Amino acid sequence: MTAPLLELRNLAGGYPPVAVFRNVNLTVAVTESVGLFGPNGQGKTTLLKTVAGTLDPWEGDVRVDGERLNAEGRMRSRTSRHLNYDLFRKRRIRARDVVRSGVIYVMQGNLLFPEMTVKEVIEIAPAASVGRSGIAAMRDMVDELFPRLGERWHSRIRYLSGGERQMVSIAVGLLALPRLLILDEPTLGLSPKLRVELSAAIAGIRTMGMALLIVDQNIEFLTGLIDRLYLFDHGTVDREIGSGRMPSRQEIMAMMFEARH
Amino acid sequence: MSADTFFFVGASGLILGGLYALMATGLAVVWTTLGVFNFAHGAFLALGAYVAWQVSDGSGGPATFLLAACVSAAVLFCLGYVSHFALVKPFERKKNMVLLSVITTLAAAAIIENAILLIWGPRDKQVPAAVEGSFELFGSALRYQDILALVTALAALVVLATFLRRTATGRSMRAVAQNREAAELMGLRTSHLFALTIGISTAMAALAGVFIGSLRFMNPSFGADPLMKSLIVVILGGVARFTSPIAAAFVVGLAEAFSTFFLGLYWSPAVLFGMMIAVLVVKPEGLFSRRTKTL
């Protein structure tokens, strides 16, 4: 059996000294689309930031293709009034390694680079990770997925609406030619019309054979786009719903809340 | 006051403004990108001038001057690049990073100044000019070297602006400045880009230093005065746009020239700091900025 594209093993993390999530086990297979659903403030974004390498994991592993991206062992939390431990402490995971392994994280409510135009951002995006080859083809793809962006090509990101910003963020992620695209709350603050547009675009990305990990509060939006669903609650993944039949909103709510209360 | 004097004082103000613009832009670029005020900027300027003095070895002329300026800019670029890893990076994850970087850059300034004192000694020196002599314009004598300084400063600023707007590296530098986390998630090499920013800023300081060293006399601590003026420039103009410190630099240069002429050398700092305080009270984001830049 081949190793899954992304595998989290007993991952724990947070903002020291506050532990936010623990014992997270999650896999995403190649070309699979996986959803993560859970209430606000339970640590989904913190988990994704840890996977993306901007936060250090405390414990457990982040593996891509079976290869561990983080440093081995647990994080030691030492502080001192006299010494700057940051001088000696290395990052346990590096965002650049994660990007290089083909996992791209699209931030939630991302402002990106407010003073740059859409054109400038789209142009540096591929240069950052894959070099200059095949940019034209990727540009066409972006035009096809998000026709709206063509009209705003020369506007600064600051002047774009929330939905347009979200599209730029996803386009920037796509231009890095990822194998797994992690979308954090793509529908946050979007109008229903834009949500439909975005949903179509994400469905389009899915048909390209790219693996997806989508986090969203909107369960109808989510279930239409995924093969498998993880429920995230109280800082850990506590249920996995297989590929058979996607439950309805009521069923999920019942699963998440009635078991406990 | 006759038109001739007005023109002469105005011209010297413009030349000062050009050099301040070169320095203040370097400071502003580092400030907007790293959120660090580089107090070692003046020391880097002095070091740049001394390196150029060493390279030109007492002989003037365009070729020697060009070589000296280029070597000085290159050496200071490398030093600036390295100084990111020595002065800023070890503390970037600390909460009080701004205060720590004030201390580290001040320490660097002291170290560089004393290194200059050890290597080249305390005696006043002057970088030999590229072109000697002067010419007459509207009844006032202008030195060729002055004009060269102004033109080079403006050319360097145009080159930097083009670099930041058009090239992939320049755009990546702006991206890192505007949203560090998003840049990291895009796979940009943030440390490298930060170091590059400081390197470019110190190279510009070196260029300013070479010209100031050729127009005036230099000693190991002569960077302190331009640093102070660029601080005034950055506060006066704000940093929201690339051009705002440049415009402010010319305002400060002209204000300095005219206040020196009318009120005397001892009063010109008072005038400049008075202007700075007035701006801070009335329009804290700077004269030429519509809003404060969020860092």
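The values are calculated or read from the model by the stated rules, or taken from the named source; none is laboratory data. Everything quoted here is computed from the prediction, not taken from an experiment. Heads up, the Cβs are rebuilt from the backbone with ideal geometry, glycines too, and the neighbour counts pull from every protein chain shown. Accessible surface is based on the protein model in full, side chains and every heavy atom, while ligands, DNA and RNA are left aside. Shrake-Rupley method; radii C 1.70, N 1.55, O 1.52, S 1.80 Å.
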Residue list for segment A:184-216, filter: assigned to a loop (DSSP other than H, G, I, E, B) and out of contact with any strand residue (DSSP E or B) (no Cβ under 8 Å at 6 or more places or on another chain): A:187, A:188, A:189, A:190, A:191, A:208, A:209
Please go through segment B:173-191 and give me each residue that is facing chain A (nearest Cβ under 8 Å), farther than 16 Å from residue A:111 by Cα and modelled with pLDDT of 90 or more, ordered by number. none
Which numbered condition residue B:278 misses (of (1) on the phi < 0 side of the Ramachandran plot; (2) touching a Ser or Thr at 6+ places or on another chain (Cβ under 6 Å)): (2)
Take residue B:86 and decide whether it is within 13 Å of another protein chain (Cβ to nearest Cβ), part of a helix (DSSP H, G or I) and open to solvent by 30 Å² or more (accessible area, probe 1.4 Å). yes
Only one of these conditions is not met by residue B:151: (1) open to solvent by 40 Å² or more (accessible area, probe 1.4 Å); (2) of a type outside the set (Lys, Arg); (3) within 14 Å of chain A (Cβ to nearest Cβ). Which number is it? (3)
Candidate set from segment B:89-106 (those that are out of contact with any helix residue (DSSP H, G or I) (no Cβ under 8 Å at 6 or more places or on another chain) and either basic (Lys, Arg) or farther than 30 Å from residue A:16 by Cα (or both)); member that is surrounded by the most Cβ atoms within 10 Å (Cβ to Cβ): B:106
Which one of these is at positive phi and without any contact (Cβ under 8 Å) to a residue 24 or more places away in the chain: A:41, A:53? A:41
Quick one: would you say residue B:238 is open to solvent by less than 20 Å² (accessible area, probe 1.4 Å) and on the phi > 0 side of the Ramachandran plot? yes
Members of segment A:90-114 that are facing chain B (nearest Cβ under 7 Å) and either under 12 Å from the mean Cα position of the chain (by Cα) or open to solvent by less than 30 Å² (accessible area, probe 1.4 Å) (or both): A:95, A:99, A:105, A:107, A:110, A:112, A:113, A:114
Filtering segment A:148-158 down to residues that are over 13 Å from residue B:182 (Cβ atoms) and within 14 Å of chain B (Cβ to nearest Cβ), which residue is most open to solvent (accessible area, probe 1.4 Å)? A:154
Which one of these is open to solvent by less than 10 Å² (accessible area, probe 1.4 Å), in contact with a strand residue (DSSP E or B) (Cβ under 7 Å, 6 or more places away or on another chain) and small (Gly, Ala, Ser): B:49, B:11, B:68, B:21? B:49
Quick one: in segment B:241-272, of everything that is in a helix (DSSP H, G or I) and closer than 23 Å to residue B:35 by Cα, which residue is most open to solvent (accessible area, probe 1.4 Å)? B:243
Before we move on, is residue B:194 in contact (Cβ under 8 Å) with a residue 60 or more places away in the chain, touching a Ser or Thr at 6+ places or on another chain (Cβ under 9 Å), more than 10 Å from chain A (Cβ to nearest Cβ) and not small (Gly, Ala, Ser)? yes
